[in-house]
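One structure is given here, and the rest of the page talks about it.
The values are calculated or read from the model by the stated rules, or taken from the named source; none is laboratory data. None of the values given here were measured: they were computed from a predicted structure. Cβ coordinates were reconstructed from backbone atoms using ideal geometry, including for glycine residues, and neighbour counts include every protein chain displayed. When the accessible area is computed, the model is the full protein with side chains, heavy atoms only, and any ligands, DNA or RNA have been set aside. Shrake-Rupley method; radii C 1.70, N 1.55, O 1.52, S 1.80 Å.
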Amino acid sequence: MSFSTLVSDLTYRDAQRPSASTTTSTISAAHDTRSQISRARSYASTAATSVSVSGDISSQLHGGYSHPLARSWQAERQLTKSMLIYPIFITDNPDESEAIPSLPGQRRMGLNKVVPFLQPLVAKGLRSIILFGVPLAPTAKDTLGTAADDPQGPVIAGIRLVRKHFPQLFVVADVCLCEYTTHGHCGILHEDGSLNNALSVDRISDVAMAYAEAGAHSVAPSDMNDGRIRAIKLKLIEAGIAHRVVLMSYSAKFSGCLYGPFRDAAGSCPSFGDRKCYQLPPGGRGLARRAIHRDIAEGADIIMVKPATQYLDIISDAKEIGKDMPVAAYHVSGEYAMIHAAAKAGVFDLKAMAFEATEGILRAGASIVVTYFTPDFLDWLDT
């Protein structure tokens, strides 16, 4: 009941009471009004106290987020620039700068274009990038992914270039063979076309070592071969560099249809079959939890979940299992492209949806987000 309603109600009640004497009717209207207001306040106060006593006061939430700053305080994790990792596609054509049609606003570029591209982003507060190599030369691919750790290849050359020009930038190197193999799968294959896990792990760990020795702050194996985290960690230890290289594992990477724009950018679409036998099935929550447990035990420093929006429960699981570890989430190319497409169609505002999706990822438990929205967030977080 509102305060004004209380006053009206009390006035009505007084009007129904019989007059005690003719003298009462001479009391001033102002005195009556003051008396009614005072009684209404007392009534309202008593009502509020009774709510408190009954325990229902806990349902009164609106005051706690009535101001924009107070709303931001309600978030366990607030998005900051240091949480963002920006994916960069580097080709073996030094002067290339080509837009990726299925990935709005993103480009793949050669080494000569990387520094001028990154300069304004670093000036705005970019803290970290993840590098993906895109070999374009006709002879760059073979069945073993030989070019993946070519000292003159796009990733190793890119690591050295970025470390030289932007020493404060944290450089992550994605580790996989799919961009470098003729078959487009994430490892070395048996004759029947299935994945040879033992040979793949040995090869992946060698590539990770090459990136670490080139100066990558972090190596991030995305291949999903069993046992590759242990193999990489052991080689880092043997080389005496485990103390300065962050091992970020794509622990829960799910198969699905959200990687299309990335595969356009990286030229990594399988030439036959699919990756369902080594990437996780979309419904495989138990498998994801087992993979996370395994990778932590094998020496991962950061756990990653990929994709993000459709797998918020897995991000939450990762934080529960690795409660003392950072959890990363990759907001993948398909998620990014869908938001752009829907915004273009007028379904919602691009900026609002980008924040909503990312805040959901943080709420689920991630503290690191790999996202193509990074350049936008660098601007948006300043306004």
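In the stretch 272-302, which residues are in a strand (DSSP E or B) and under 21 Å from GLY187 (Cβ atoms)? Steps first, please.
Initial filter on the stretch 272-302 (in a strand (DSSP E or B)): 280, 302.
Residue satisfying the conditions is LEU280 alone.
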*Name the single residue, out of those in the stretch 334-383 being open to solvent by less than 20 Å² (accessible area, probe 1.4 Å) and part of a loop (DSSP other than H, G, I, E, B), that is nearest to SER102 (Cα to Cα).*
TYR372
*In the stretch 208-239, what count of residues is obtained for those that are touching a Phe, Trp or Tyr at 6+ places or on another chain (Cβ under 9 Å) and surrounded by 24 or more Cβ atoms within 10 Å (Cβ to Cβ)?*
6
_Subset of the stretch 142-153 (residues that are buried (at least 19 other Cβ atoms within 10 Å of the Cβ) and either in contact with a helix residue (DSSP H, G or I) (Cβ under 7 Å, 6 or more places away or on another chain) or polar (S, T, N, Q) (or both))_ = GLY145, ALA148, ASP149, GLY153
*Across the stretch 202-229, what is the number of residues that are closer than 10 Å to LEU247 by Cα, assigned to a helix (DSSP H, G or I) and touching a residue at least 60 places away in the same chain (Cβ under 8 Å)?*
1
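Looking at the stretch 75-132, which of the residues that are hydroxyl-bearing (Ser, Thr, Tyr) and either open to solvent by 40 Å² or more (accessible area, probe 1.4 Å) or within 22 Å of the chain's Cα centre (by Cα) (or both) is farthest from GLY153 (Cα to Cα)?
So the first thing to find is which residues in the stretch 75-132 are hydroxyl-bearing (Ser, Thr, Tyr), and the list is 80, 82, 86, 91, 97, 102, 128.
Those still in the list that are either open to solvent by 40 Å² or more (accessible area, probe 1.4 Å) or within 22 Å of the chain's Cα centre (by Cα) (or both) too: 80, 82, 86, 97, 102, 128.
Values: THR80: 33, SER82: 28, TYR86: 20, SER97: 17, SER102: 25, SER128: 21 Å.
Selected residue: THR80.
Hey, which of the strands (runs of 3 or more DSSP E) in the stretch 81-183, taking only ones fully inside, have at least 1 residues that are free of Cβ contacts under 8 Å to residues at least 24 places away in the same chain?
Qualifying strands (runs of 3 or more DSSP E): 97-99, 107-109.
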